[in-house]
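Here is the structure we will look at, set down as structure tokens.
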Amino acid sequence: MTAGTDHRVDPAHSLAPRDPDAPFGIYLHVPFCSTRCGYCDFNTYTAGELGSATSPVDWERAAALEIDRAAEILAGSGAPPTVDTVFVGGGTPSLVGADVLVGLLARIDSAFGLAPGAEVTTESNPESTSPEFFGRLRDGGYTRISLGMQSTAPHVLRVLDRAHTPGRPQEAAAEARRAGFEHVNLDVIYGTPGESDDDLARTLQAVIDAGVDHVSAYSLIVEDGTALARRIRRGELPGTVDDVLADRYEQLTDTLTRAGFHWYEVSNFATDESGHCRHNLGYWRGGDWWGIGPGAHSHVAGTRWWNVKHPARYAAACDAGDLPVAGGEELDDADRHLERIMTGLRLAEGLPDSAFTAEEKDRADVQVAAGLLRRRPAGHPGGPGFALTERGRLLADGVVRDVLI
């Protein structure tokens, strides 16, 4: 996140007009998990951590109130924007059940209106899904399922504190496809301490055999304050190694490419363009979205804000008729420029020359000479510009930094 102008943002009174023709998304955060994974630093809570402070019923009621309030604010003097994408994340959205997820989607449709062909995704834990769960979601308007798989290696899952029944993620993917979902994603994490080349190879083969059309593959990031970070600090586990992470990324890229997947963002692969996650593309292209739920982030017309994190405080604010905003910032032109380069260069499409200053183009040409960026051809639909090479993808963050400095 850029520095911006940090202050108490009030979206009810300070939002600039947004482009009515630009895509608009809704992110819905479900903060509940049955257990806490050792690597996770997301805003999630187990039942034991929450106690009697709040419940899924309180969260559902508060989320519905925030949906209505968001639509009212964005309506201004006219209608609120129609919603092109909805993404339900967490946490573990499948824990609250299909009826709740379908009900909140209906609330979004009633308050905003879903655009024709809207993409509607929910994350799900394979262990808390079933054929009936997927059938209810599909009938209720969901179009895309994202399942957490991480790995098929039991010892890797133990390090990550993931508890999968062997083969369950693949079974869940098949159940989703049978329920009518054309677009199904599996999440993979690579570079976990103790993972071998063969472990990753078996995981990727399982992903391919599952018949999904999208894979999100993330290198393990050890976040401060997590149980995994404490285990590494105590010497119980080795830390991650950059060279190993790079080797794993090359391995998964080669394997997925041979299987018919193409990368469209450094960590995301699809079998064809229809499988691209349009909601996430909205983030990477600097689009507008409203985040619903505890700790959710929003961005509308250059204003960014984030909600209070704890579900009890979130519910109390919504019940009182307030927006549950904890803080925010107004992005100036320099901030927007910086973010466009940071996210846009991670996309396979890259960025046009017009996105860069003259100095940045000179530095980008240096990266071209180093084999980390390539020049887009003059016949490219977006015009001449820059995009990452295969080697550049391994060093994407450094390439972006070197272009911007």
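A few points about this structure:
- In whole angstrom, region 217-270 maps to an equivalent ellipsoid with semi-axes of 29, 12, 7, each derived as √(5λ) from the alpha carbon gyration tensor and ordered largest first.
- Under 5 Å between amide hydrogens, built in the peptide plane, is the criterion, and for residue 288 it picks out 25 among residues at least 5 positions away or on other chains.
- Dimensions of region 61-114 along the principal axes, based on C-alpha atoms and rounded to the nearest Å, stand at 38, 21, 17, largest first.
- Among 157-169, 350-362, the order from most to least packed when residues are scored by Cβ within 10 Å on average: 157-169, 350-362
- Carbon plus sulfur fraction of accessible area for region 171-327, probe 1.4 Å, in percent: 46 percent
- Each Cα pair under 8 Å and six or more residues apart adds its sequence gap; the mean of these over the residue count of region 102-182 is a relative contact order of 37 percent.
- Fully extended contour minus Cα-Cα distance, from residue 390 to residue 16, at 0.36 nm per residue: 130.7 nm
- Probe 1.4 Å, accessible area per residue of region 182-326, Å²: 41 Å²
- By the Cβ rule of 4.7 Å, the chain holds the following cysteines without a possible disulfide partner: 33, 277, 318.
- Under a Gaussian network description of the chain, with springs only between Cα atoms under 10 Å, the residue in 155, 279, 13 that fluctuates furthest is 13.
- Look at the alpha carbon pairs under 8 Å that are at least 6 residues apart: their mean separation over the length of region 123-281 gives a relative contact order of 22 percent.
- Taking the accessible area of region 12-152, probe 1.4 Å, and keeping the other protein chains in place, the carbon and sulfur fraction comes to 53%.
- Relative contact order, percent, the chain [alpha-carbon distance under 8 Å, six or more residues apart]: 19 percent
- Charge dipole magnitude, Cβ of K and R +1, D and E -1 - the chain, Cα centre, debye nearest 20: 440 debye
- Between residue 120 and 86, 143, 144, the built amide H atoms are under 5 Å apart, and every one of these is 5 or more places off in sequence or on another chain.
- Highest average packing first - 222-233, 83-94, 304-315, 386-397, Cβ atoms within 10 Å: 83-94, 304-315, 386-397, 222-233
- Selected from 73, 102, 124, residue furthest toward positive end of dipole (region 62-213; charges at beta carbon): 102
- Volume of the convex hull of region 104-172 (Cα atoms only), normalised per residue: 99 Å³.
- For q = 0.10, 0.12 Å⁻¹, Debye-computed log10 I/I(0) when each Cα of region 1-159 counts as one equal scatterer: -0.44, -0.63
- Calculated SAXS-style log₁₀ I(q)/I(0) at q = 0.12, 0.21 Å⁻¹ - region 259-319, Debye, Cα scatterers: -0.46, -0.84
- Applying the Kirkwood pairwise sum to the alpha-carbon positions of region 249-405 produces a hydrodynamic radius of 17.6 angstrom.
- Intensity falloff of the chain expressed as log10 I(q)/I(0), Debye formula with alpha-carbon point scatterers, at q = 0.09 Å⁻¹: -0.57
- Cα convex hull of region 167-319, projected area averaged across orientations, nm²: 12.3 nm²
- Amide hydrogen neighbours beyond the local backbone of residue 385, cut-off 5 Å, H modeled: 353, 376
- For the chain, adding -39500 (n - 2.57) for each run of n ≥ 4 DSSP H residues and dividing by the number of residues yields -11500 deg cm²/dmol at 222 nm.
The values are calculated or read from the model by the stated rules, or taken from the named source; none is laboratory data. Keep in mind that this is a model prediction, so the values were computed, not measured. For neighbour counting, all protein chains shown are included, and Cβ atoms are generated from backbone atoms with ideal geometry for every residue, glycine included. Just the protein is used for accessible areas: all its heavy atoms, side chains included, with ligands, DNA and RNA removed. Shrake-Rupley method; radii C 1.70, N 1.55, O 1.52, S 1.80 Å.
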